[in-house]
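*Asks:* Can you read through this structure? Questions will come right after.
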Amino acid sequence: MPQTITIAASKVRQGGLVLYTTSMKVSDLVSDGFYSVETLDPENLNDKGYQRLLNKARAKKLADYIVKGQDSQDAFLPTSVFLATDRSIPFDASTNTIAIDIGAVGPFSVVDGQHRLEGLKMASEKDPRVLDFEVPVNIAINLPKIAQMCHFLIVNTTQKSVDKSVEQRIIARLSDALDVEDDLPSLPKWIFNTVERGEVEKAVKYADYLNESPDSPWHGKIKMANTDSDEATVNQRSFVKAIVKYVLTANNPLSTIVKDFEKEKKIFLNYWKAIAAILDDGNAAVLYKYNGVELFCKFSIPFFIKLQDRGSFTASTMEGLLRSCFDNVEGEYAGVGHPDWWAKGGKSSFLNAGAINVVSQEMAKALHKSSAGGAIEV
């Protein structure tokens, strides 16, 4: 690359900070000596770096996405890279250009965007066409190293990623459109795999069904994406995550034995009706929070296996089996089948992930004990 690069830019003042907003080709950005990443070394007390360690897998995902989009020309990367130098860069107001003398101001420090730059570098090594790909860039000038570190901290602690519930909704919509839309853009592999599997789409529909059905114990209790509700007790993201993790898995028969999705949702609703019939006395607040969701989604695996053997998925059948199960739970968690156990401030309020696993295991033992037959002959 030439020693001096002249490119169009806009001058931006933010308090005492002067930025040049521009775009640059990947060929310039990844050239030798153009930028450096000052990584924090926690074992070196004299270290002045501030960047996190590079995650190669994260960079590779971006690289794969950029390369995939070259043929269809639909790869895009709208988020700007933030570079900084403690030197000055001349700005020509008459032409709105800056002249970057690499020898004088380089290498630039990467305040934000090291994974993007590494991904673009990896992509250009796979496909030379990426070298002409343009990237939005913000360049801060006259910024001392300590100020660069402060800006890194600000950027990475005040910027908020998209809410998980919104992400789930977008993935669900993409899954729904996968087979009917011809102009879907290239997606990063990890997103495409999630969209293609369709489990998030199904889980969102499960949550919607429970939240919207008038006879559901969850009616109006799930806080959906971009909504405010004083009556909601759990976020959509938590419920959907639990459904994907425990209900829509290969070892849970619900999604495999029922070929009708409407019946599948109805069975899941019957399950929660049976739970509520036993445990919801009007004060079992924790039943409708994270701990209740996590425990009973997890317990649905052995429970639906047992129901599969019986061949009945009615709410009354489930209620009878649950009551028998609760009656056989022993030890520290024997109260799990009583409404008081699920009251605010009760034992269920203080369960951590490990305790939830133990409770689920004890319930599974009680479930098998309640339906065990007579003597076993071998």
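*Asks:* Please find, within the range 106-119, the residue that is most open to solvent (accessible area, probe 1.4 Å) out of those that are more than 16 Å from Gly33 (Cβ to Cβ) and in contact with a Phe, Trp or Tyr (Cβ under 7 Å, 6 or more places away or on another chain).
*Replies:* Asp112
*Asks:* Looking at this structure, is Ala285 among the small types (Gly, Ala, Ser) and touching an Asp or Glu at 6+ places or on another chain (Cβ under 7 Å)? Steps first, answer last, please.
*Replies:* Working: among the small types (Gly, Ala, Ser): yes; touching an Asp or Glu at 6+ places or on another chain (Cβ under 7 Å): no.
No: the conditions fail for Ala285.
*Asks:* What single numbered condition from (1) small (Gly, Ala, Ser); (2) farther than 25 Å from Glu199 by Cβ; (3) part of a helix (DSSP H, G or I) fails to hold for Gly345?
*Replies:* Every condition holds for Gly345 apart from (3).
*Asks:* Find all pairs meeting these conditions: Cβ atoms under 9 angstrom apart; at least six residues apart or on different chains; first residue within the range 125-140 and within 26 Å of Arg87 (Cβ to Cβ); second residue of a type in the set (Asp, Glu) and in a strand (DSSP E or B).
*Replies:* Here the result reads Asn138/Asp112, each pair linking the range 125-140 to a residue that is of a type in the set (Asp, Glu) and in a strand (DSSP E or B).
*Asks:* From the list Lys289, Lys306, which residue is modelled with pLDDT under 95 and out of contact with any Lys or Arg (no Cβ under 6 Å at 6 or more places or on another chain)? Walk me through it before giving the result.
*Replies:* Working: Lys289 fails: modelled with pLDDT under 95.
Result: Lys306 is the single residue among Lys289, Lys306 that is modelled with pLDDT under 95 and out of contact with any Lys or Arg (no Cβ under 6 Å at 6 or more places or on another chain).
*Asks:* With the requirement that a residue be polar (S, T, N, Q), over 18 Å from Val200 (Cα atoms) and either touching a Lys or Arg at 6+ places or on another chain (Cβ under 9 Å) or open to solvent by 20 Å² or more (accessible area, probe 1.4 Å) (or both), what does the range 228-272 give you?
*Replies:* Ser229, Thr233
*Asks:* Looking at Leu131, is it touching a His at 6+ places or on another chain (Cβ under 9 Å), modelled with pLDDT of 80 or more and part of a helix (DSSP H, G or I)? I'd like the intermediate steps shown before the answer.
*Replies:* On the way: touching a His at 6+ places or on another chain (Cβ under 9 Å): no; modelled with pLDDT of 80 or more: yes; part of a helix (DSSP H, G or I): yes.
The answer is no for Leu131.
*Asks:* Only helices (runs of 4 or more DSSP H) wholly contained in the range 207-309 count here; list those with 3 or more residues that are in contact with a helix residue (DSSP H, G or I) (Cβ under 6 Å, 6 or more places away or on another chain) and more than 25 Å from Thr194 (Cβ to Cβ). It would help to see each step written out before you state the result.
*Replies:* Values: elements: 236-242, 254-257, 261-279.
The helices (runs of 4 or more DSSP H) meeting that bar are 261-279.
*Asks:* Another question, then. Of the numbered conditions (1) open to solvent by 30 Å² or more (accessible area, probe 1.4 Å); (2) among the β-branched types (Val, Ile, Thr); (3) closer than 21 Å to Leu248 by Cβ, Thr317 satisfies every one except a single condition; which is it?
*Replies:* That leaves (3) as the condition not met.
*Asks:* Additional query: What do you reckon, is Val329 open to solvent by less than 30 Å² (accessible area, probe 1.4 Å) and either farther than 17 Å from Tyr206 by Cα or outside any helix (DSSP H, G or I) (or both)? Can you show your working first?
*Replies:* Numbers: open to solvent by less than 30 Å² (accessible area, probe 1.4 Å): yes; either farther than 17 Å from Tyr206 by Cα or outside any helix (DSSP H, G or I) (or both): yes.
Answer is yes for this residue.
Matching residues to (1) over 23 Å from Ala250 (Cα atoms); (2) touching a residue at least 60 places away in the same chain (Cβ under 8 Å); (3) open to solvent by 10 Å² or more (accessible area, probe 1.4 Å); (4) among the basic types (Lys, Arg):
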| position | (1), (2), (3), (4) |
| --- | --- |
| Asp281 | yes, no, yes, no |
| Val293 | no, no, no, no |
| Ile305 | no, no, yes, no |
| Gly335 | yes, no, yes, no |
| Gly345 | yes, no, yes, no |
| Phe350 | yes, no, yes, no |
| Asn357 | no, no, yes, no |
| Lys369 | yes, no, yes, yes |
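*Asks:* OK, next. Test Glu201 against the criterion of being among the charged types (D, E, K, R) and open to solvent by less than 40 Å² (accessible area, probe 1.4 Å), and give yes or no.
*Replies:* Numbers: among the charged types (D, E, K, R): yes; open to solvent by less than 40 Å² (accessible area, probe 1.4 Å): yes.
Yes: the conditions hold for Glu201.
The values are calculated or read from the model by the stated rules, or taken from the named source; none is laboratory data. Here the structure is a predicted model, which means the values were calculated and not measured. A quick note on method: Cβ atoms are made from the backbone with ideal geometry, for glycine too, and the neighbour counts reach across all protein chains shown. For the accessible areas, the whole protein counts, side chains as well, though only heavy atoms, and no ligand, DNA or RNA atoms are used. Shrake-Rupley method; radii C 1.70, N 1.55, O 1.52, S 1.80 Å.
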